[in-house]
Structure formats: C-alpha cells, structure tokens
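Colleague: Below is the structure I would like to discuss, written out as structure tokens.
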Amino acid sequence: MGNILTIAKREIKRLRSRFRGGSRLAVVLILAGAFVISYLAFRQGVVLGQGMYRVGISPRGPVIRDSRFRTVVIDRSAGYLMLGERAIDAYVDGNTVASRSDARSLYAAGALKQYLEKYELARIEGEYEIDRAFPLRVEVNYLPTSAESGLATQETSLSELVDAWTSGPPEPAGADQTMPGEPVSQPVESVDDTDSAVREQIRELESGGGLPRIEMEFMADKEIIVPSLMSPPIPFAQVIIAFLYILPITFVSVFFISSFMDEKTDRRITVLMSAPVTSFQIIAGKMLPYIGFSLASVIVITLFLKGNLLLAIAILTPVILFIFSIYLMVPLVYRTFKDTTFVSMLAVSVIVSYLVFPAMFSGVNDLSYISPLTLIVKMYRGEPFGLKEYLFSTAPMPFVFILSMYIGTRILNEEYLMGFRPLYRKVAEAIYLAIDVGRRSPDRAHVYLSVTLLSLFLIPIVYMMQLVTLALSFNVPVRYALGGLLLAAAVVEEVAKSAGVAVLLENRVIRSARDILVLSFLSAAGFLIGEKLLLYVSLSVVSESVLSAALFSSGMLLIPLVAHFVSTALVCLLTRRFGVRYYPFAVLAGSVVHGLYNLYVLGVIP
Amino acid sequence: MSAFYAMVKRELRSVTREKTIMIAIVIQLCIASFSSVILIGLMSFYDPDSIGLNARISIKAGVIGDANSPLVGFLNDCNVKVTAFSSPLDAEDAFEAGMIDAIIFVLDDSGVVEMKLFLPQSESLSTVILMILKEPLKRYENYLRQANGVHVRYLDVVGMPSTTYEFRYSFIIPVLMFFPAFVAGSMVIDSISEELENRTLETLWSAPLSLNLVFGAKITAALVLAVAQCALWSVLLRFNRVSIQNLGLVLLLAAVIAAIISVVSAFASVYFKDRERSQFMYSLFVSISAGISYFFDFSPIALMTRLSTGDYYTGIADVAMYVVLLLVLLAGFFYAARRLIAVPG
C-alpha cells in the first residue's frame, strides 16, 4: 500500500509540474469558459437544427418562437411569390399553411404543424376555461396480465376499480374502515382533481425546453394523462445528466494515458520497474489519482444536482473502473502518439455509445439495463429498480477491470512495452503473457486454469462487441443484417474461446491433439459458466427480448456445452493442422458450425 | 516545392503504415450507426407515423361502455382493432387471456370526459400501446373541443414528419463533415509534439527546410486526409439516398474548418511543446468552440446545415468568411511559430 501511495504522489507531482505559470492560467481560463458554456447550453436546452427553415408569416399570423424557424412577416401576394421562388419554405397564411410539393417545403410544413399544435394548445388554454379547453382526461391504470402475474406487486382487479368508479364518490371516512378481505374501494377523482393534473401538465409543457426537471417524482400506480399534452417517454434531460458524469472521466483519461506514454518515451519506466515495486503497484499507483479525481467529480455532480450520493457512487464506481480498465490497455499496447490518440478516441466513442445510448431507452426497453447509466436516469426520475437490475448492468464491469489489471501487470515489462509490432501480434502476445505457463516455476504452471478463466473473463467484452455489431448492423438492410449478425456474434465468441489455445499452439507450449481437446473443453466450459451466470441475471431482467434468446442461447446445459466444445475444438484442431497463419480461416469454420447451431436453437433450422 | 511534397508524403505514409486512419474511419462509422439506432428509437416515440409504426404494429383494444362513441371510429382509423364488451368482467377475462392489449372505458361525451384506460403492467408493452393510442385519443379530444365550441386551428396542415430530416441535416451531416477536422487537429498535434519530444524536429529544421515548411506540410497532410474522409462520407450518404445540396461548397467548408482546426492545434503544440497538455487543451478548445457555435447563427455547424439543405440565402459568401479567418490564422501562425518554439517549454 505504501508503495502505491508513493507512486500516486509521484504521479500528482508530475501533473502539477505540467501546469505551472502561463499554462496554468490558460487551463483555468479555458475550464471557466467550458463551465459557462455548458451552463448556458444547459439552461437553453438542446435544439437541433437552428435556423433550418425560412417561413413567411402573414401580418395577422401567429408569432413563431422556435429557433428552427427564421421568420419574416410579409403580405399574401409577396409571400406566395417568395414561396414559388423557393426563397421561403412555407407561408403561414392566417389560419392555413401553404407549402410547395418538394421535400424541403413539406418538411418545413411538417415542422410548422408540430409547432402550431403546441401554439394552439397555449392559445386555447389562455382563452377558454380549463374544462372546455381540455375536455378529455384519461386515467391510466396498470393491470397484471396472466404471464406476469407473478411479478405483480399489488393486484387490483379491473372490475373492482370500475365498480368503485361507477358507484359514485366514496363516503369520506369509509376508506380507512374497510374490513380485510373486502374489496378496497379506490378514492375517485372528481373533475376538480383531474383539473389539477391538467394544470400540472400544462405547466410542464410551458417549462419544457428549459431546465430539465430533476426533482424526484414519484410514479404512482395510475396517472392522469391528457392526450394533447402527452410527452414522449424519452428521458432526454436525464440522459444529458448521465452524460455529464462520463465527461470528466473521459477528459482525465488524456493524462492517464500520457503518463504511461511519457514514461515509455523517455524510458523512465525501466527505472521504475527495476525499483523494488511490483507491476501491480506501479499501475495501481498511477491509476489512483485519476480514479480519485473521477470519484470526486461524481460526488460534486451528484451534490450539485441533489441526487442520491450513495446510490450514485454505487452505480458509477464500476463504470469508472470499467473506463479505466480500457484506458489502461491503450498505452500499454500502443507505441506511437498517433496510435494512442486514435485508439483512445475509438475507446471513448465506444464507451460513450455503450453507456449513453442504451440509457435513452430507459423505461422503453428492458435491454436498456445493459448500461448502468440507465440506473442513473432512473435515479433522477425517481423510478425504482432492484438489485437484479443493478447487478445486470454493473456486474460485468469489475470483471473487465480485473482482467485488464491482470493483463496489465503481466505485460508491464520493457520488452513488451518497447516492442513495435502490428496490433494483432501485440494482442496475441498479451494473451500469451497472461496465461500462466510456468515462467517462474515450471512445475507450478496453471495452463488449464488460465485458459478456463480467460474465456470466462472475456465474456463481458464479447457481450460488448456483440452490442456494437448490433448497432453497426443497422446500416445494412434487415434481410442481410440478421444473418450477418448471427455470424458476427459467432465469430466474436469463437475468437474469445480459441484465442488462448491458439497462442499456446503458436508458442509451442502444447502440441498434441489430446492437449488441444482438453483445453478446448475447458475453454468452452469456462465460457459457458460465464454465459449462464450472465443469463441467470439477465433472464429476470431482459425476459422479453427476443434478442437475448439469440445471443445468449438458453436451454439445457449439456447441449450448449457440447456445441461450444465442438466449435472451439474445430478451430483449434484446424489451427494445429494448418498452422497459426490460417487461424482466421479456422475461426470462420468454427463460426459457421456455431452459427448453424444458433439457427437450430432459434428454430430456423428444424 | 519538391521538399514540401516529400514532407507531405512522409506524413501521409506514416499514417497509412500505422493504419491509424482506418481506426478513425471506424470511429466515425460507429458514431453514425449508433446515431441512426437512436434516431429510429426516437422516431418511434416522437413521430410514430414517419416510420410507419402504426401501420406495422396493430393492437387490439377492448371497449366498455358507449360502443357508438366517435372514439371507436378514430380508433379504427388508426389501425386499432376494437372489440366491444358489455361487462368489465368479460373485458378483464379477455385481457388476462391475452386477447386484447388494452381496455378503454368510454362514457357518453358531454362536457368533461374522464375515461379509464387499462394497460399491461410491463413498462415496455404499455409504452408502445400508449404511443399508438395517442393519435386516436388526440383526435377524440379535438372532437370534444369542437363539441364544446372551442375551435382548434391548423389541424389540417399538410406536411411530412420532420424529425428525421432535422436530425440528418443538423446532426449526422455536420458530425460526419466536421469529425475528420477534429481528427486532423489531433494528428497535427501528435505529429508535431512527437518530433518535439524526440528532438527530431531540430534535425529536420537544420536540413535545408524552413520550420514553416515543415509545419505547412504537416497541416497539409492532415487536411488531405480530412477532405478524403469527407468525400467518402458524401459518397456513402448518397448510397443511403441522403442528398446533399451544394456539395462543392459543403466539402469546401469542411476543408476550411479542418484547416482552421489544424492551424489552431499546431499553435497549441508549439506553445505547450508536449502532447499531453496540447491534446488536453485542444480537446477542451474544440468542445468549447462547438458549444459556442451552438449559440450563433453563422457558426460552421449551422452553416453546414443550411448549405446541405439548400437554403436560398446561403452560398459562397458565407464560406468565404471562414476562408478569410483561415488566412489570418495561418499568417499569424507562420509569424509566431519560430518565436514560440524558441521559448523553452
């Protein structure tokens, strides 16, 4: 521990020496600027497409206050003339909107329609009393269906509700005195009560686009909705907040990565490694200040937004560890500045997509729980979530961290760091170094255990790769996308399972077919254990998604194990027969077998 | 001049050899794909019509109460299959058996109508059902308003749902056209600070090459790559049937912005003289500029949107403004670079 702290102190000293004198002033100025800008953007809300449309308005037309439209007040004849000349995209002529038949004009009219709908609501709300302006109120109740009645927390039957409702207002004192076993009569809103719900929604509509509402709101079992005031369920404001948490962590990464790069370029890392400290202490010490900073930023943001501090820390600590485990790999594997910049850029964009985008669909699709930020969104919306959801989204992250730290300590040696080889060679070497082939004490090698654990720990990464392929598949027509997706998923899994055995083959640690079969079996078993663990958690959370059935094929334990073993053994035996150079082809062959098996599970092949 | 070309070639070769540019392209492809996933997701909630959600998903609703209510007609119009039930118990049975997705309790329509809607408890299911029911319910609401003597205007405006259009031209296209510029800036910083830290710049400089020539070559190489990427994106967008108006000006603007960003990043790297600080300040600078430009109408992002959608009043004059800015920056950089580099870091 003492060594870790010493290295952490050294790291902080290094950082401070970077920002002295003039550059410190520049940093302060630019950070202050960033703060002001983000505050202003936060206040103003996010609007896409400012000034996209030009719209003419007749002298008595509505006033348009929407930054998407640039408006000009012109009389009728000039308006239609300009519309014809394409100088404006649409013309609001009193109570109608005129447009041309080309796409640009039709989109402008569509956007106007959307805006004017809101405009009319505001007008009606001001001109008429509330009962005439908003004559329809819908009370939404949620009923358990037979399939999910086990999950239902409180079952209220529809007929009871309807009976209570049609029998008129309940007696004032009756509610508390119902006998157990008797149907509970629900208090029923009078028109005055729903009026208050309508007013509430009008207020929300008016404040929309301003500061996002972040106070805890309690989602009741039933809610009153007014169809014209209904807003889409996308939690934009909360997603922006979730993004706010990630931003400082990605910025601090520049320093963490540079720290290793610097030590590599001026070869100070050699000195450090010859000192009586372990590789783990070096990495942990260097990482500590940055993790500390990230945690501090989480605490500051949560306090500023008045969120639940303990919950936020519980959700984001695994996220921070996860992000740093990826950042750790970047400078260790890469050598030149340019590589580091691009790979870290790639890492940032994949991390941000993986974390932020699923959160957008919080409350819409349960698959959104794949990202812990969904939990942050839920937290700020005051919606409850259980331990299962928490485990489902955060559990893979510490696994990635442990794997990355382990590989990090293994490859932190001069020969590896200074070597200049293509990426796939670097990765293969890292895997080889991670496997305990008994470098220090040959009689205590743990090849079997290493291979099993390797494929177990790779699962979260496989999981993520498959998600990225899923997103990429949206660029391809659906017909090809599904087949491609299944094959890609199989390829990713096959690589994960066979990579360990392949590097052992390459380094001539194993040779016999028997060894290969045993290792393939262990690797398949390790993968299966991890997969089933994941499945166990996810089944309860993502039970509705067809996708999860395809990617994490459920079923009995024996058949999947055999399938995993057969495909992995095939890849490894082919690699042995034809040499490591043909490994990609071997993977492809194994993937085809694996893909066929997946199709069989899905029921495409009888 | 041949020395300049040789330098540019040297820079380009180092990028292609390390395959870094491929990574950059993958990043952009990732961003674009994830954005389109988001777009489809958003569309299904903001604008279900535009992706034909209502036509594809049909839901079955049970109606209790007034079966002759105009709401039933609106529901039928919007592809909702309506079954009438006489008693709540029957409806509940059908709901539990999964024969209907939602139950609507309709009363006669006089004055304020308070209706009850019963949805499945599953969040994902009820969200989708509610989204589909939104349109018929809105029509019914407007019907009730008319009955109350409240006139609602602009109900029959003809137009296309604009969400996709706006997202495409104000987000996707600017991102694809300006991300290469961001990459270019990063490349310039890496290239300059690598030579500064390895002290190879002095060798180059003492050779018969002026310092400005070296920097100019580095900026040019980054620019060439940026423009190539933008051209690639415009071809791919065309494949996806996204048409870009004023393509020439769009590419010119992308190139000019890439050049401006490269010059700024070159400034940063000769001022700070190490990669760490330069990259940090540079990424902060770019984020802040993107933030600021959000507030101004003449910003590159807004200009890109207007150019690519074919705005009537936007043309070469707007782009020329940025060319002037570029020239000023470039002159400033060439004037200051030698002085800055002489100051120890």
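The values are calculated or read from the model by the stated rules, or taken from the named source; none is laboratory data. None of the values given here were measured: they were computed from a predicted structure. Cβ placement follows ideal geometry from the backbone for every residue including glycine, while neighbour counts extend to all protein chains displayed. With ligands, DNA and RNA removed, areas are computed over all heavy atoms of the protein, side chains included. Shrake-Rupley method; radii C 1.70, N 1.55, O 1.52, S 1.80 Å.
So that you can scan it fast, the table gives a plain yes or no per residue for (1) open to solvent by 20 Å² or more (accessible area, probe 1.4 Å); (2) modelled with pLDDT of 80 or more; (3) touching a strand residue (DSSP E or B) at 6+ places or on another chain (Cβ under 9 Å):
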site: A:449; (1), (2), (3): yes, yes, no
site: A:455; (1), (2), (3): no, yes, no
site: A:458; (1), (2), (3): yes, yes, no
site: A:511; (1), (2), (3): yes, no, no
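Colleague: Also: Under 9 Å between Cβ atoms, which residue pairs at least 6 apart in sequence (or on different chains) link something in region B:46-74 that is not assigned by TED's automatic domain parsing to the domain that holds residue B:146 with a partner that is β-branched (Val, Ile, Thr) and at pLDDT 85 or above?
Modeller: Pairs found: none.
Residue-by-condition table, conditions (1) among the hydrophobic types (A, V, I, L, M, F, W, C); (2) farther than 16 Å from residue A:53 by Cα; (3) not in a helix (DSSP H, G or I):
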| position | (1), (2), (3) |
| --- | --- |
| B:286 | yes, yes, no |
| B:290 | yes, yes, no |
| B:297 | no, no, yes |
| B:302 | yes, no, no |
| B:305 | no, no, no |
| B:311 | no, no, yes |
| B:314 | no, no, yes |
| B:322 | no, yes, no |
| B:326 | yes, yes, no |
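Colleague: Something else now. Go through region A:250-278 and count every residue that is in a loop (DSSP other than H, G, I, E, B) and not hydroxyl-bearing (Ser, Thr, Tyr).
Modeller: Residues in region A:250-278 being in a loop (DSSP other than H, G, I, E, B) and not hydroxyl-bearing (Ser, Thr, Tyr): 5 in total.
Colleague: Let me ask something else. Across region B:224-250, what is the total count of residues that are closer than 29 Å to residue B:4 by Cβ, over 18 Å from the mean Cα position of the chain (by Cα) and not hydrophobic (A, V, I, L, M, F, W, C)?
Modeller: Of the residues in region B:224-250, 1 are closer than 29 Å to residue B:4 by Cβ, over 18 Å from the mean Cα position of the chain (by Cα) and not hydrophobic (A, V, I, L, M, F, W, C).
Colleague: For region B:131-139, check the following and say yes or no: at least one residue is within 31 Å of the chain's Cα centre (by Cα), open to solvent by 50 Å² or more (accessible area, probe 1.4 Å), more than 8 Å from chain A (Cβ to nearest Cβ) and at negative phi.
Modeller: Going residue by residue through region B:131-139, those that are within 31 Å of the chain's Cα centre (by Cα) are B:131-135, B:138.
With open to solvent by 50 Å² or more (accessible area, probe 1.4 Å) added as a condition, the list becomes B:135.
Subsequent filtering for residues that are more than 8 Å from chain A (Cβ to nearest Cβ) retains B:135.
Now narrow it down to the ones that are at negative phi: B:135.
Checked against the condition, which is being within 31 Å of the chain's Cα centre (by Cα), open to solvent by 50 Å² or more (accessible area, probe 1.4 Å), more than 8 Å from chain A (Cβ to nearest Cβ) and at negative phi, region B:131-139 yields at least one hit.
Colleague: For region B:77-122, enumerate the residues that are more than 10 Å from every other protein chain (Cβ to nearest Cβ) and within 24 Å of residue A:198 (Cα to Cα).
Modeller: B:106, B:108
Colleague: Considering only region A:221-241, how many residues are more than 10 Å from chain B (Cβ to nearest Cβ) and modelled with pLDDT of 80 or more?
Modeller: Final tally of qualifying residues: 0.
Colleague: Let me ask another. Cβ-Cβ distance below 6 Å, separation of 6 or more or different chains: which pairs start in region A:123-143 with a residue that is within 22 Å of residue B:116 (Cβ to Cβ) and end on one that is open to solvent by 10 Å² or more (accessible area, probe 1.4 Å) and part of a helix (DSSP H, G or I)?
Modeller: Sorted first by the residue in region A:123-143, then by its partner, the pairs are A:130/A:195; A:133/A:125.
Colleague: Is it the case that region B:333-345 has a residue that's within 14 Å of chain A (Cβ to nearest Cβ) and modelled with pLDDT of 85 or more?
Modeller: no
Colleague: Go through region A:93-110 residue by residue and tally those that are of a type outside the set (S, T, N, Q), out of contact with any helix residue (DSSP H, G or I) (no Cβ under 7 Å at 6 or more places or on another chain), crowded, with 17+ Cβ neighbours inside 10 Å and touching a residue at least 12 places away in the same chain (Cβ under 8 Å).
Modeller: Number satisfying all stated conditions: 2.
Colleague: If a residue must be polar (S, T, N, Q) and either without any contact (Cβ under 8 Å) to a residue 60 or more places away in the chain or crowded, with 24+ Cβ neighbours inside 10 Å (or both), how many such residues does region B:245-277 contain?
Modeller: 3
Colleague: Here's a follow-up. Out of region B:170-190, which residues are within 7 Å of chain A (Cβ to nearest Cβ) and crowded, with 19+ Cβ neighbours inside 10 Å?
Modeller: Step one: of region B:170-190, the residues within 7 Å of chain A (Cβ to nearest Cβ) are B:170-171, B:186-187, B:190.
Correct list: B:170, B:186, B:187, B:190.
Colleague: Then there is this: Would you say residue B:154 is at the interface with chain A (Cβ under 8 Å from one of its Cβ atoms) and touching a Leu at 6+ places or on another chain (Cβ under 7 Å)?
Modeller: So residue B:154 fits the description; yes.
Colleague: On the basis of being surrounded by fewer than 21 Cβ atoms within 10 Å (Cβ to Cβ) and β-branched (Val, Ile, Thr), does residue A:340 make the cut? Explain how you work it out, then say what you get.
Modeller: Working: surrounded by fewer than 21 Cβ atoms within 10 Å (Cβ to Cβ): no; β-branched (Val, Ile, Thr): yes.
No: the conditions fail for residue A:340.
Colleague: Another question, if that's okay. Which numbered condition trips up residue B:111, out of (1) touching a helix residue (DSSP H, G or I) at 6+ places or on another chain (Cβ under 9 Å); (2) open to solvent by less than 30 Å² (accessible area, probe 1.4 Å); (3) at pLDDT below 85?
Modeller: Residue B:111 satisfies all of (1) touching a helix residue (DSSP H, G or I) at 6+ places or on another chain (Cβ under 9 Å); (2) open to solvent by less than 30 Å² (accessible area, probe 1.4 Å); (3) at pLDDT below 85 except (2).
Colleague: Out of region B:236-253, which residues are assigned to a helix (DSSP H, G or I) and within 14 Å of residue B:172 (Cα to Cα)? Steps first, answer last, please.
Modeller: From region B:236-253, those assigned to a helix (DSSP H, G or I) are B:236-239, B:247-253; that's our starting set.
B:236, B:237, B:238, B:250 - these are the residues of region B:236-253 that are assigned to a helix (DSSP H, G or I) and within 14 Å of residue B:172 (Cα to Cα).
Colleague: Does residue B:282 satisfy the condition of being within 9 Å of another protein chain (Cβ to nearest Cβ) and modelled with pLDDT of 85 or more?
Modeller: Details: within 9 Å of another protein chain (Cβ to nearest Cβ): no; modelled with pLDDT of 85 or more: yes.
So residue B:282 fails the test.
Colleague: Can you name every residue in region B:83-103 that is open to solvent by 30 Å² or more (accessible area, probe 1.4 Å), closer than 17 Å to residue B:71 by Cβ and not small (Gly, Ala, Ser)?
Modeller: The answer is B:83, B:85, B:101.
Colleague: In addition: Checking the conditions here, which among A:288, A:311, A:247 is part of a helix (DSSP H, G or I) and within 14 Å of chain B (Cβ to nearest Cβ)?
Modeller: From the options A:288, A:311, A:247, the qualifying one is A:247.
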